[in-house]
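K.L.:
Take this structure, written in structure tokens, and hold onto it; I'll ask about it next.
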Amino acid sequence: MYKIKDIIRIINMPKRIKNFLFQNTSFKQTVAKNSFRLLVSEFVARLFTFLIGLWIARKLWKSEFWIYNYVITFITFFVLIIDFWLTNLSFRELSKNPKNASKYLTNVSFIKWILSVITLIIILVLSRYNDNVSTYSTLIILYLLYSIVASFLEFFRIFFRSEEKMEHEASLKIWNNLILFVCTIIFLYFDQSVKSIFYWYLASSIINLITSLLYIKKYFHFEKSRLDLQFMKNILRMSIPFFLWGVFAYFYSDVIIVLIEKFRWESDVWLFSAPYKLLSYVYILFNVFSMAMFTKLVASTKISMDRFQHLIRKFALYHLLLSIICCAWFVLLAKFILNLLYGTEFTDATTINIMKILSVILIFKSLSYVFGNALTAMSKEYTRLYVQVFIAIINVSCALYFIPRYGINWAAYALVIAECCIMIWYWLSAKYHIKWLRKLEKSENK
């Protein structure tokens, strides 16, 4: 016979399931669910662009693959200007005070429109005076327009993340990439070229912009908010170190492909791009864990530095274990993975060696996300900026010297050294600031 409490438990089961799936109660449940949701949505988003790159590499690699990667890498720098790190900064500030959502939506959107127009003008000017930009000007402008809209979509989704409603953010992101997938199927049917890819990228982004605004309107009620000049000045001032951090991060990582195109041959671009792009999709998995934890990290700074340090240590341990497993997998199976994904054209000794060298970055990159987010949570963004400036100067200097003389293997070594230095510097900086804030906390308690 069932007891009364068992009957009540069965009756309440649908409600308990609903609460588990859509409400965050405990810390572990919150991190686990939010990480899973973000991982799934990010996986879907990255899988599509990765498959497109694979298709180009296997079908049109002789003439198209390096152009595809060059255009995307070139525009990545200008995407930094469009966003100006306002998306991540808004996420941080809204995590502290979600009531300002309307104010951030109105003012940050206006700033991003202004920055988008400025960026487009810069590209149009470069297309007239720079030979490389002029040669691929149509592709560059198409992908820039797509990136502008995609930047707004990313900004709109952070309103869900700041309130830890990752299920809605994940649903919206998956929907956005489903539209992108459908549009790409159309391009595969009608016209198999790089130009058509970027045309359909742009078309899908416009559709996604409309549907995303309708989706957000359904779950959020934004009050009317006027443009606030002082507020915009303040947020731009706060975003400067983040923006510069992104710029210098570009100059110690993605700029390598641009330098290889300038100093080497086209074949070197696609040989280096294959393992580099593949591993970049793995990096993002660790970044997703970081995003899921960030709100909790910010909240813990208000509780105590002991709690904050405990979270950082646990966070770093998980990242370290996962990254070591991933690194070993890519090193041991480098040839098999490249052959399976890209084809035999990408399994020469040079590409396999680059894959093995770059795989080590996974360990350093994963820990850099942990300690870098720790610094951001403590509002020590200028510390991150100083680190990035120094590393970027060293890395670009080494790349300019070694790539023309010794080839693309040395480009990979330069990236590994840069990531190792950043990880160590972030760790030492985070350790110092935690220790200092703990002393300050104790003195205030007294």
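The values are calculated or read from the model by the stated rules, or taken from the named source; none is laboratory data. What you are looking at is a predicted structure, and each value in this text was computed from that prediction instead of being measured. With ideal geometry, Cβ positions are generated from the backbone for all residues, glycine too; neighbour counts draw on all protein chains shown.
K.L.:
Out of the residues in the stretch 376-429 that are among the polar types (S, T, N, Q) and free of Cβ contacts under 8 Å to residues at least 12 places away in the same chain, which is surrounded by the most Cβ atoms within 10 Å (Cβ to Cβ)?
P.N.:
379
K.L.:
May I pose another question? Is it true that residue 302 is touching a residue at least 40 places away in the same chain (Cβ under 8 Å), of a type in the set (Lys, Arg) and assigned to a helix (DSSP H, G or I)?
P.N.:
When the stated conditions are applied, residue 302 does not pass them.
K.L.:
Could we say that residue 281 is touching a residue at least 24 places away in the same chain (Cβ under 8 Å), surrounded by 21 or more Cβ atoms within 10 Å (Cβ to Cβ) and not basic (Lys, Arg) here?
P.N.:
no
K.L.:
Looking at the stretch 292-329, which of its residues are aromatic (Phe, Trp, Tyr) and more than 24 Å from residue 362 (Cα to Cα)?
P.N.:
308
K.L.:
Ok, one more. Output the residues belonging to the stretch 189-227 that are without any contact (Cβ under 8 Å) to a residue 12 or more places away in the chain and assigned to a helix (DSSP H, G or I).
P.N.:
Hits for the stretch 189-227 are 189, 190, 196, 210, 214, 217, 218.
K.L.:
Next question. Considering only helices (runs of 4 or more DSSP H) fully contained in the stretch 320-423, which possess at least 2 residues that are more than 18 Å from the chain's Cα centre (by Cα) and more than 30 Å from residue 296 (Cα to Cα)?
P.N.:
Answer list for the stretch 320-423: 334-341, 349-359, 381-406.
K.L.:
List the residue pairs whose Cβ atoms are under 9 Å apart, where the first residue sits in the stretch 65-79 and is surrounded by fewer than 22 Cβ atoms within 10 Å (Cβ to Cβ), the second is modelled with pLDDT of 85 or more and not in a helix (DSSP H, G or I), and the two are 6 or more positions apart or on different chains.
P.N.:
Matching pairs, first to second residue: none at all.
K.L.:
Please go through the stretch 201-225 and pick out each residue that is modelled with pLDDT of 85 or more and either not β-branched (Val, Ile, Thr) or not assigned by TED's automatic domain parsing to the domain that holds residue 49 (or both).
P.N.:
201, 202, 203, 204, 205, 208, 209, 212, 213, 214
K.L.:
Condition check: among the aromatic types (Phe, Trp, Tyr), touching a Lys or Arg at 6+ places or on another chain (Cβ under 9 Å) and either surrounded by fewer than 19 Cβ atoms within 10 Å (Cβ to Cβ) or not assigned by TED's automatic domain parsing to the domain that holds residue 329 (or both). Does residue 242 satisfy that?
P.N.:
yes
K.L.:
Checking residue 110 against (1) out of contact with any Phe, Trp or Tyr (no Cβ under 8 Å at 6 or more places or on another chain); (2) touching a residue at least 24 places away in the same chain (Cβ under 8 Å); (3) buried (at least 17 other Cβ atoms within 10 Å of the Cβ), which single condition isn't satisfied?
P.N.:
All conditions pass for residue 110, except number (3).
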